[in-house]
Each structure stands twice: as C-alpha cells, then as structure tokens.
1. What number goes with the only condition from (1) basic (Lys, Arg); (2) more than 16 Å from residue 59 (Cα to Cα); (3) at pLDDT 90 or above that residue 181 does not pass?
2. Report yes if some residue within the stretch 80-94 is over 23 Å from residue 47 (Cβ atoms), out of contact with any helix residue (DSSP H, G or I) (no Cβ under 6 Å at 6 or more places or on another chain) and not basic (Lys, Arg); otherwise report no.
3. Tell me the residue from 124, 118 that is out of contact with any helix residue (DSSP H, G or I) (no Cβ under 7 Å at 6 or more places or on another chain) and under 22 Å from residue 61 (Cβ atoms), please.
4. Mind listing whichever residues of the stretch 55-95 are in contact with a Leu (Cβ under 6 Å, 6 or more places away or on another chain) and open to solvent by 30 Å² or more (accessible area, probe 1.4 Å)?
5. Return yes when residue 106 is loosely packed, with under 13 Cβ neighbours inside 10 Å and either more than 15 Å from residue 65 (Cβ to Cβ) or in contact with a Cys (Cβ under 8 Å, 6 or more places away or on another chain) (or both) and no when it is not.
6. Only residues in the stretch 110-139 that are in a helix (DSSP H, G or I) count as the first member; pair them with residues that are of a type in the set (Gly, Ala, Ser) and surrounded by fewer than 15 Cβ atoms within 10 Å (Cβ to Cβ), Cβ under 7 angstrom, at least 6 apart or cross-chain, and list the lot.
7. Based on this model, can you work out whether residue 122 counts as under 23 Å from residue 159 (Cα atoms), surrounded by 15 or more Cβ atoms within 10 Å (Cβ to Cβ) and of a type in the set (Lys, Arg)?
8. Under 8 Å between Cβ atoms, at least 6 apart or on separate chains: pull out the pairs that start in the stretch 75-95 with a residue that is basic (Lys, Arg) and end on any residue that is open to solvent by less than 70 Å² (accessible area, probe 1.4 Å) and outside any helix (DSSP H, G or I).
Amino acid sequence: MREQVPFRDPHAGPGSMSTMSAQESPLWDRASSISAAAQPPYVVPSHTLFDSTSIGIATFLGSPVAGAWLMALNYHRLGKRNQALAAFAGGVAVTGLGIGLGYLIPATYSSAIAIGLVAIMKNVSKALQDAAVEQHMREGGQPGSRLIAAGTGLASLLVLGGIIFALLQVGLGSKVVVGSKD
C-alpha cells in the first residue's frame, strides 16, 4: 500500500484538502511534504567579515596594505585562499607604488594621492566583497569591528614607519660631502 499524503489543490476552493500517494503528489506540494527533520539545520556564521567602510578606515590610518590585509582576512574566512593571497599582494604593490609616487611628486600633491588610495581601496573592496559581506549579514553573521579595523591601520602605520626609518638609517650611515674643503 502506498503512503497517502495530504495536499491542498490550488484549483479547489479554500480549505479543501485531498490525499494521494507520495509518488502522485503534485510537484508544487512535494517540498512541503518533506519533514523538518530531513532539512539541514540553519547555522549562523561564527566568523566576522569587514565591510568596505572598515577597509577604508584601515587604509586611511595605515596604508593600502592595511586595507588589503582585512580584505585578505575576509577571503580567508570565506575559504578563498588564492584570492586572499592576491588581495594582500595587491595591497603591498599599491602601497609600494604610493610610497614611490610620494617621493617623485611635489609634496603638495601627496595628500591627493593618499585620499585617492583610500577611495580606490574602499571601492575595490565594495566591488569585490560587498555581495559576500551582505550575504553574511543576511545569514545572521556579524560585521568586523571598526575598532579592530582602526587598530589594524595603526599597526600597519607603525610597521611601515619602522621599515622606512630603518631604511633611512642605513642610508644616513654613509658620509655626506658638502664641499671640497670640509
């Protein structure tokens, strides 16, 4: 004997129910006949993801490498290891390019480059990761702390400042000749 499943015929009047075998049940009603125990449990993500504003904050306080670090962390938490490596490498390259441009152009334009780099990092983050961050939030996941983003930016600033200071100390160790009679 076949198992009988109740279903509501959408073409019948309100409140009318029928029964038929599970094999004959209408396609529109088969999903509702699956028991709740057979459906996988809903799991809220335990990790956090940083939004484009957090990445902009880290970039503003540190450098593009700080914003790229948070983007790489997002990719890592999403299980995209290759994209994480590419994001961080891109941030290092853009930071190097920004430092190089800072030495080549007049000092009056350096602020414009810094603001441009923040805008670029925020927009790249928005374009590449905004959909994943929004999906994460819809699933009940929490956003990354903006305080942590700011700390990441400041830590990046300290590390980069230390590297630049060390490079300058190595360069200052050589003798500077001002005139031929000194």
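The values are calculated or read from the model by the stated rules, or taken from the named source; none is laboratory data. Not measured: the values here are computed from a predicted model. Backbone-built Cβ (ideal geometry, glycine too); neighbour counts: all protein chains shown. What goes into the accessible areas is simple: the full protein's heavy atoms, side chains included, and nothing from ligands, DNA or RNA. Shrake-Rupley method; radii C 1.70, N 1.55, O 1.52, S 1.80 Å.
1. The one condition residue 181 does not meet is (3).
2. Yes; the residues of the stretch 80-94 include at least one that is over 23 Å from residue 47 (Cβ atoms), out of contact with any helix residue (DSSP H, G or I) (no Cβ under 6 Å at 6 or more places or on another chain) and not basic (Lys, Arg).
3. Only one candidate qualifies: 124.
4. 61
5. Criteria met by residue 106.
6. 110/102; 113/102
7. Here the answer is yes, as residue 122 does meet what is asked.
8. Pairs that qualify, where the first residue is basic (Lys, Arg) and the partner is open to solvent by less than 70 Å² (accessible area, probe 1.4 Å) and outside any helix (DSSP H, G or I), are 77/47; 77/48; 77/49.
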